[in-house]
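Just so it is clear, none of the values below were taken in a lab; they were calculated from the coordinates. Owing to the predicted nature of the structure, the values given are computational and were not obtained by experimental measurement. Quick reminder, even Gly has a Cβ in these numbers, built from the backbone with ideal geometry, and neighbours come from all protein chains shown.
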Amino acid sequence: MFIVPLKLTENKSIASEFMDVHNEWIKQGFEDGVFLLSGSLHPDLGGSVIAHNTSISDLQKRVNTDLFVAENIVSTEILDVDTKKVDDRLSFLVS
């Protein structure tokens, strides 16, 4: 499982110009079965996604296609979580 924080940068003022394309990028991640969750980081820090069913290299390629990343609206990193214990409803996430 991967956690991908998308932290707003000094370029956050141009985010609205790319919001529709960014939302399409998120939608595609869900349609491809890679994203499990997306949401905002509060207070007004950016967003994040939780991903699975992909490799770290493929996820990095996917993240790089987000125009928020390409336009330096957000900075990001990929946190690789080696899941050991989860609620039964999330058992598919255990490594």
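Confirm whether ILE26 is surrounded by 14 or more Cβ atoms within 10 Å (Cβ to Cβ) and touching a residue at least 60 places away in the same chain (Cβ under 8 Å). When the stated conditions are applied, ILE26 does not pass them. Considered as a group, the residues in the stretch 73-92 that are hydrophobic (A, V, I, L, M, F, W, C) and assigned to a strand (DSSP E or B) include one that is nearest to HIS22 (Cα to Cα), and that residue is VAL74. Looking at ILE56 and the list (1) of a type in the set (A, V, I, L, M); (2) in contact with a Leu (Cβ under 6 Å, 6 or more places away or on another chain); (3) closer than 28 Å to SER91 by Cα, which single condition is not satisfied? If we test ILE56 against (1) of a type in the set (A, V, I, L, M); (2) in contact with a Leu (Cβ under 6 Å, 6 or more places away or on another chain); (3) closer than 28 Å to SER91 by Cα, just (2) comes out false. Looking at GLU77, is it out of contact with any Ser or Thr (no Cβ under 7 Å at 6 or more places or on another chain), of a type in the set (Asp, Glu) and touching a residue at least 24 places away in the same chain (Cβ under 8 Å)? Criteria met by GLU77.
Taking the stretch 17-40 as the range and being touching a strand residue (DSSP E or B) at 6+ places or on another chain (Cβ under 7 Å) and not in a helix (DSSP H, G or I) as the test, the residues that pass are VAL34, PHE35, LEU36, LEU37, SER38, GLY39, SER40.
Here are the criteria: (1) touching a strand residue (DSSP E or B) at 6+ places or on another chain (Cβ under 7 Å); (2) loosely packed, with under 13 Cβ neighbours inside 10 Å; (3) not β-branched (Val, Ile, Thr). Tell me which single one LEU59 does not satisfy. Just one mismatch for LEU59, condition (2).
Could you look through the stretch 6-16, keep only residues that are without any contact (Cβ under 8 Å) to a residue 24 or more places away in the chain and assigned to a helix (DSSP H, G or I), and pick out the one that is farthest from the chain's Cα centre (by Cα)? Of everything passing the filter in the stretch 6-16, SER13 is farthest from the chain's Cα centre (by Cα).
Checked against (1) in contact with a helix residue (DSSP H, G or I) (Cβ under 9 Å, 6 or more places away or on another chain); (2) in contact (Cβ under 8 Å) with a residue 40 or more places away in the chain, ILE3 meets all criteria but (1). I'd like the residue in the stretch 41-72 that is assigned to a helix (DSSP H, G or I) and touching a residue at least 40 places away in the same chain (Cβ under 8 Å) and, out of all such residues, is farthest from ILE3 (Cα to Cα). The extreme case among them is LEU67.
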